[in-house]
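S.K.: Structure below; questions to follow.
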Amino acid sequence: MTSIGGAEMVDWNLAVATATRLVRPGPEVSRDEARAVVAELRRHAKASERHVRGFTGLGTDEAHDTPVLVVDRPGWVRANVAGFREVLRPLLEKMQERRGSTPGGAVLGAVGGKVTGVELGMLLSFLASRVLGQYETFAPATRDLPAGANGGGRLLLVAPNIVHVERELDVQPHDFRLWVCLHEETHRTQFTAVPWLRDHLEGEIQSFLEETDVDPMTILERIREAAQSLAGGRPEGEEGDEGGRSIVELVQTPAQREVLGRLTAVMSLLEGHADFVMDGVGPDVVPSVEEIREKFQQRRAKGASRLDTALRKLLGLDAKLRQYRDGERFVRAVVEQVGMEGFNRVWTSPNTLPTKAEIAAPAEWIARVHRKPEA
């Protein structure tokens, strides 16, 4: 990123170093156990590709070129920092130009970039112990973070977190690992089988960022609030304050509200589709799927602690939980009415994606996309 005064708005290297230093250690496993987990996750990811293709009717040979990376928590941090840095580049350059025109902007930037790097690292250290898997699509390809040959992303499976949760839930490890892979493989299939999806999402994100007119200190304050929560520094009772806002709630204009509504609908579709596929394939290939699903839903709903609940609200993770639920209901209702082939019309173009209102009212999407042309 082009710097003004030699300083960036965010010290990305410091963010990675901070998160790596603060992230909780993973569960205790021997070297042989770790190797066995990695090997099994790779096998399950490969098997899941076949299962997901067969169930959804989606899939291309490009999926074979998309890497599956079994990573630890620091590896997840590095991949996401690379993705954030790429996606946020236009916004941070805009903020940096504004900062450079203010008296002392370069000096403040040198300090602010490091402060923000530390605080972002604190947030990532919190999230790094909670993510089981992810299809990362925005980070540029590097030797340590390879990507698909045609510009696709990579599938990340966070091995220590998968082992931690399977032990916490007291479920059959082999079944749980395959169950997780089914969900994450669905995301990989979505992006590899729908070639316009990545560019569409990136375009929507950039449209949102282009409309952003937020003073840099406002954004830094949002990050600071989250970091203070992580350290237990928020005032007692503030977690339940209805006036509190999540970091993602920086919408300032009607145009941004429209973009955010479309992004929410797309993410609800992607997450709900993955849950639907996971439940649809699961009974045939995961013997203990009912037990796993029940225990995992309970864990997903209640969170780990009071602090965890506060952070989920501040980071917007409660909204993500609603996306799983609402999106799965949409997919299920559409498939019940028009079948899987009829549902797959959703992937035809950006115009056939559901709106936020249609996610809540699947019949409206069916009527719009499946309506017969007038004679």
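S.K.: How many residues are among the charged types (D, E, K, R) and surrounded by fewer than 17 Cβ atoms within 10 Å (Cβ to Cβ) when one looks only at segment 270-292?
M.R.: Here the count works out to 3.
S.K.: Let me ask you something else. Please go through segment 342-358 and give me each residue that is at pLDDT 95 or above and touching a Gly at 6+ places or on another chain (Cβ under 7 Å), ordered by number.
M.R.: The one that is at pLDDT 95 or above and touching a Gly at 6+ places or on another chain (Cβ under 7 Å): Asn344.
S.K.: Also, I was wondering about something else. For segment 145-170, enumerate the residues that are closer than 24 Å to Leu201 by Cβ and assigned to a loop (DSSP other than H, G, I, E, B).
M.R.: Selection gives Leu145, Pro146, Ala147, Gly148, Ala149, Asn150, Gly151, Gly152, Gly153.
S.K.: Sticking with this structure for a sec: Examine segment 314-330 for a residue that is farther than 22 Å from Ser129 by Cβ, among the hydrophobic types (A, V, I, L, M, F, W, C), part of a helix (DSSP H, G or I) and at pLDDT 95 or above, and state whether such a residue exists.
M.R.: Checked segment 314-330: at least one residue is farther than 22 Å from Ser129 by Cβ, among the hydrophobic types (A, V, I, L, M, F, W, C), part of a helix (DSSP H, G or I) and at pLDDT 95 or above.
S.K.: Out of (1) buried (at least 19 other Cβ atoms within 10 Å of the Cβ); (2) at pLDDT 90 or above; (3) over 14 Å from the mean Cα position of the chain (by Cα), the odd one out for Met122 is which?
M.R.: Among (1) buried (at least 19 other Cβ atoms within 10 Å of the Cβ); (2) at pLDDT 90 or above; (3) over 14 Å from the mean Cα position of the chain (by Cα), Met122 violates only (2).
S.K.: Could you grab me the full set of residues in segment 82-104 that are part of a helix (DSSP H, G or I) and modelled with pLDDT of 80 or more? Walk me through it before giving the result.
M.R.: Step one: of segment 82-104, the residues part of a helix (DSSP H, G or I) are 82-87, 89-100.
Residues satisfying the conditions are Ala82, Gly83, Phe84, Arg85, Glu86, Val87, Arg89.
S.K.: Which residues, taken from segment 23-37, are surrounded by 10 or more Cβ atoms within 10 Å (Cβ to Cβ) and either within 27 Å of the chain's Cα centre (by Cα) or part of a loop (DSSP other than H, G, I, E, B) (or both)?
M.R.: If the condition is that a residue be surrounded by 10 or more Cβ atoms within 10 Å (Cβ to Cβ) and either within 27 Å of the chain's Cα centre (by Cα) or part of a loop (DSSP other than H, G, I, E, B) (or both), then Val23, Arg24, Gly26, Pro27, Val29, Ala34, Arg35, Ala36, Val37 are the ones that fit.
S.K.: Of the conditions (1) in contact (Cβ under 8 Å) with a residue 40 or more places away in the chain; (2) over 13 Å from the mean Cα position of the chain (by Cα), Ala128 fails just one. Which one is it?
M.R.: Answer for Ala128: the failing condition is (2).
S.K.: Could we say that Leu230 is out of contact with any Lys or Arg (no Cβ under 6 Å at 6 or more places or on another chain), modelled with pLDDT under 90 and surrounded by 15 or more Cβ atoms within 10 Å (Cβ to Cβ) here?
M.R.: Judged against the criteria, Leu230 is a match.
S.K.: Let me ask another. Between Val77, Val107, which is β-branched (Val, Ile, Thr) and at pLDDT 85 or above?
M.R.: Going through Val77, Val107 in turn, the sole match is Val77.
S.K.: A further question on this structure: For segment 47-81, give me each residue that is in contact with a strand residue (DSSP E or B) (Cβ under 8 Å, 6 or more places away or on another chain) and either under 26 Å from Arg167 (Cα atoms) or not in a loop (DSSP other than H, G, I, E, B) (or both).
M.R.: Correct list: Val68, Leu69, Val70, Val71, Asp72, Arg73, Gly75, Trp76, Ala79, Asn80.
S.K.: Could you tell me how many of the residues in segment 125-136 are at pLDDT 90 or above and not in a helix (DSSP H, G or I)?
M.R.: Qualifying residue count, segment 125-136: 7.
S.K.: Might you check whether a residue that is surrounded by fewer than 21 Cβ atoms within 10 Å (Cβ to Cβ), under 13 Å from Leu132 (Cα atoms) and not aromatic (Phe, Trp, Tyr) occurs anywhere in segment 165-178?
M.R.: Yes - at least one qualifying residue is present in segment 165-178.
S.K.: Still on this structure, I have one more. Give the residue, chosen from Glu86, Glu40, that is touching a residue at least 40 places away in the same chain (Cβ under 8 Å) and either aliphatic (A, V, I, L, M) or farther than 12 Å from Ala159 by Cβ (or both).
M.R.: Working: Glu40 fails: either aliphatic (A, V, I, L, M) or farther than 12 Å from Ala159 by Cβ (or both).
Glu86 is the lone residue from the list that is touching a residue at least 40 places away in the same chain (Cβ under 8 Å) and either aliphatic (A, V, I, L, M) or farther than 12 Å from Ala159 by Cβ (or both).
S.K.: Going by the structure shown, is Ala15 within 22 Å of the chain's Cα centre (by Cα), closer than 30 Å to Glu211 by Cα, small (Gly, Ala, Ser) and surrounded by 15 or more Cβ atoms within 10 Å (Cβ to Cβ)?
M.R.: The answer is yes for Ala15.
S.K.: Could you run through segment 331-356 and say how many residues are within 23 Å of Glu204 (Cβ to Cβ) and either over 22 Å from the mean Cα position of the chain (by Cα) or of a type outside the set (A, V, I, L, M) (or both)?
M.R.: 13
S.K.: Can we say Glu40 is modelled with pLDDT of 80 or more and either closer than 26 Å to Glu211 by Cβ or of a type in the set (A, V, I, L, M) (or both)?
M.R.: So Glu40 fails the test.
The values are calculated or read from the model by the stated rules, or taken from the named source; none is laboratory data. Bear in mind that the values here come from a model prediction, so they are computed numbers and not experimental data. Glycine gets a Cβ as well: all are built from the backbone with ideal geometry, and neighbour counts include every protein chain shown.
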